[in-house]
Amino acid sequence: MLTMDQIHHIRQLFYEQGKNISEIAQETGLSWKTVRKYVDQTDFNQPEPEAKTESRFCPKLDPFKPLIDQWLEDDKKAPRKQRHTAKRIFRRLQKEADGFDCSYRLVCKYVLAKKEELKLKRKEGFIPLVHRPGETQGDFGQADFFESGIQHTGKYFALSFPYSNAGFIQLNYGENMECLLEALVAIFEHLGGVPSEIWFDNTTTIVTKVIRGGRDITERFARFAEHYRFKAVFMNPASGWEKGNVENKVGYSRRNMLVPVPRFLSLPDYNRKLLEECVDDMDREHYMHTDQTISDRFALDSSTLIPLPGVPFDTAGYRTARTNKWGKFTLNNGLHEYSASPAYAEETVRLKLTSAQVIVMDLDNNIIVTHRRLYGKDGEKLQSMEWLPYLKYIARKPRSLHNSGIYDMLPEQMRIYLDSCPNSERGQILRTLSELTERTGFDSALQTVNQAVEYQAVNADSLKNLYRRLFSDIPELPPMKPQPGIPGIAQMPVNLDDYDALLKGGVVNG
């Protein structure tokens, strides 16, 4: 027997959201007959008599229940909007579980009950909208991901085609102008054309002011729209339902393409893979026109695309910044601090901003340093420090180390080490530290210094030797090209156990 909440949900989907019986049955995991019964029911005076329950629930799923339960338990630690749906679980079972041959409806039934038990179930509804071919809607969603083992709470941009229900997404670190433009360009190039009309909400990324009869938008976005010749349409304030298709697509994409939480090495490579998944997803049937696939209807959307411009658009942002007496500057209303160089203290520098980088240049556009762009929670203060320009600068003036201001910025362990070094060695040690930083980063130089403090190694040669020991600084030789008259040498098998025995003073077998 269904609870009144479940019955109300069925009737709400039918009478308020306009979904048909088959759609409701698929969404809820209930049979068509059960849904029909509660849609038609008119008398709710008395509760139904309780149905006799079976001793085992969904017995055919028994071999796979531990796996499903584990996925749903793991969802408790995942962001709410990146948890498994019944459809996502069904697809994972098809791919990952040996011998799985259960129906989607059976999986729905079990997952629905299990989510109730784990209190993971959340009801959502969307207003269906009808639009003409070629019209698109754009919006951002939030998703966690791991890039090279580092966790990010990022954003993804979804562009949907309401006529066909096709959608394309791009994952990124945030929701600034660079993220938006890079995502749009990537989707345009993948499609081989540009939609004639894109609907947006009144995001401050684009809209500077809502005025009667229109919007004031940023000059940069206006240039972008003019370059690609599409019309930007903006919703009425507090009227997200006007672009309900992309609201739906944001949720659908997260549930079906970003669950479990993505893990990858390179965001650009992963974004290319996402576009391919979006194309594959169009092979399913349309939610209203069940005699057609999304791909079938997307053919008409595609026929309306505007050709790509012959000249690419530079999506990077450009601005200037004034550095302080330490050669640093801030972005994002002072929340994010970046280093330039002590050589450019209290000067104006040029900045080139992409979604992933902040490139610092002098007024002649020569690159001073490149930072990974900072992203954080609202109001969170962050800083990025590139030590190489500072170490190079002070290495030329080692005697002024303590009076330069750079000394106070250094990590405590490095200050202790430099204080322990003879004055005659300090310049060479600073040059060595800048070389190590340029080679593998400041963290590796700092680890080397920590070892040097432990071993009381206070000269540059000892520092280099410790670095080699820590980071296997062995030059990589190019492969030898075959030469006339030089015979080929077969690969000699090596048994490392023999070497272990020799190191331990044992006897080598054989």
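The values are calculated or read from the model by the stated rules, or taken from the named source; none is laboratory data. Keep in mind that what you see is a predicted model, and the values were worked out from it rather than measured. Positions of Cβ are generated from backbone atoms using ideal geometry, with glycine treated the same way; all protein chains shown enter the neighbour counts. Surface areas here come from the heavy atoms of the whole protein model, side chains and all, with no ligands, DNA or RNA. Shrake-Rupley method; radii C 1.70, N 1.55, O 1.52, S 1.80 Å.
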Got a sec? Which of Phe313, Phe264 is open to solvent by less than 80 Å² (accessible area, probe 1.4 Å), closer than 25 Å to Gln82 by Cα, aromatic (Phe, Trp, Tyr) and in contact (Cβ under 8 Å) with a residue 60 or more places away in the chain? Phe264
Which of the numbered conditions does Lys81 fail, given that it passes all the others? Conditions: (1) in contact with a Gly (Cβ under 9 Å, 6 or more places away or on another chain); (2) open to solvent by 90 Å² or more (accessible area, probe 1.4 Å); (3) at pLDDT 85 or above. (3)
Which count do you get for residues in the stretch 316-356 that are outside any loop (DSSP other than H, G, I, E, B) and crowded, with 16+ Cβ neighbours inside 10 Å? 17
Taking the stretch 108-145 on its own, how many of its residues are modelled with pLDDT of 90 or more and of a type in the set (D, E, K, R)? 3
Test: Asp101 is farther than 11 Å from Pro260 by Cα and open to solvent by 40 Å² or more (accessible area, probe 1.4 Å): yes
Within the set of pairs 6+ apart or on separate chains, which have a first residue in the stretch 43-72 that is over 23 Å from Phe100 (Cβ atoms), a second that is modelled with pLDDT of 55 or more and surrounded by 12 or more Cβ atoms within 10 Å (Cβ to Cβ), and C-beta atoms under 9 Å apart? Phe44/Ile7; Glu48/Leu2
Under 7 Å by Cβ, and 6 or more places apart or on different chains, what pairs join a residue from the stretch 368-394 that is within 13 Å of Thr330 (Cβ to Cβ) with one that is of a type outside the set (D, E, K, R) and modelled with pLDDT under 90? Leu382/Gly376
Considering only strands (runs of 3 or more DSSP E) fully contained in the stretch 175-252, which possess at least 3 residues that are at pLDDT below 90, farther than 28 Å from Phe298 by Cβ and more than 20 Å from the chain's Cα centre (by Cα)? 207-211, 214-217
Log entry, pairs with first residue in the stretch 342-367 being closer than 27 Å to Ala186 by Cα and free of Cβ contacts under 8 Å to residues at least 40 places away in the same chain, second being among the basic types (Lys, Arg) and open to solvent by 20 Å² or more (accessible area, probe 1.4 Å), beta carbons closer than 6 Å, six or more apart or on different chains, reads Leu351/Arg319; Gln357/Arg373; Val358/Arg373; Ile359/Lys352; Met361/Arg350
Matching residues in the stretch 357-382 (within 28 Å of Ile150 (Cα to Cα) and in a loop (DSSP other than H, G, I, E, B)) number 9
Within the stretch 57-78, restricting attention to residues that are touching a helix residue (DSSP H, G or I) at 6+ places or on another chain (Cβ under 9 Å) and at pLDDT below 85, which residue is nearest to Gln142 (Cα to Cα)? Lys76
